[in-house]
Amino acid sequence: MNSSPTPAVPVLNIANVLTVVRILLVPFFIWFLLLDDARGELFRWLAVLTFAVAIYTDKLDGDLARSRGLITDFGKIADPIADKLLIGSALVLLSVLGELWWWVTIVILVRELGITVLRFAVIRYGVMPASRGGKLKTVVQTVAILLFLLPLQSLLGDWAWWIAAFVMAVAVLITVVTGVDYIVQAARLRAGARR
């Protein structure tokens, strides 16, 4: 019988490196999206590509962390920060550029920050795991943002905006519903701990 302790997962691992890469991609995404390209849509496509690569690293780092046992405290903290930086910057920039209503950006960001604060507030009572609804919210938000980012106006005309707006409306609805669900979970968690 071997009683040697299980070695700690190193902080410097592929999953955490991908999370850091995602954080480092955010300034490039912002830069590409803000560049005015008089020669066509080159920088818009670079912004789309950067966003898509960053989103893919989110899926990849999570899959690697779970499958290879590379889950670390750093990853638990840095991964959601990276997600919020990427999604938040995309929403804010789309609003700054006049392509997305500010109220949409505000609703989503208030929900994201509010739930993050709520999770920290109730952590002494237990952990609120990510729900399926929360994961669906992230997927729909990502698709909606990509639809707004893609320069499809020349192909689809006004339909491009209407399609993106519809998907974003669904994203806002899911965002609000899952936000309420997390509040209910937090209240139950707190009530259960007080018994």
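The values are calculated or read from the model by the stated rules, or taken from the named source; none is laboratory data. Nothing here was measured: the structure is a model prediction, and the numbers come from that model. Every residue, glycine as well, gets a Cβ built from its backbone with ideal geometry; the counts of neighbours run over all protein chains shown.
Quick notes
- Within region 137-155, restricting attention to residues that are among the polar types (S, T, N, Q) and modelled with pLDDT under 95, the residue that is surrounded by the fewest Cβ atoms within 10 Å (Cβ to Cβ) is SER154.
- Near pairs, Cβ below 6 angstrom, 6+ apart or cross-chain, from region 184-195 (among the hydrophobic types (A, V, I, L, M, F, W, C)) to any residue that is surrounded by 14 or more Cβ atoms within 10 Å (Cβ to Cβ): ALA186/LEU118; ALA186/VAL122; LEU189/VAL122; LEU189/TYR125; LEU189/GLY126; ALA193/TYR125
- For region 28-71, a tally of residues being touching a residue at least 40 places away in the same chain (Cβ under 8 Å) and touching a Phe, Trp or Tyr at 6+ places or on another chain (Cβ under 7 Å) returns 3.
- Filter result for the condition that a residue is surrounded by 15 or more Cβ atoms within 10 Å (Cβ to Cβ) and either within 25 Å of PHE28 (Cα to Cα) or in the same structural domain as TRP162 (by TED's automatic domain parsing) (or both), over LEU113, LEU94: LEU94
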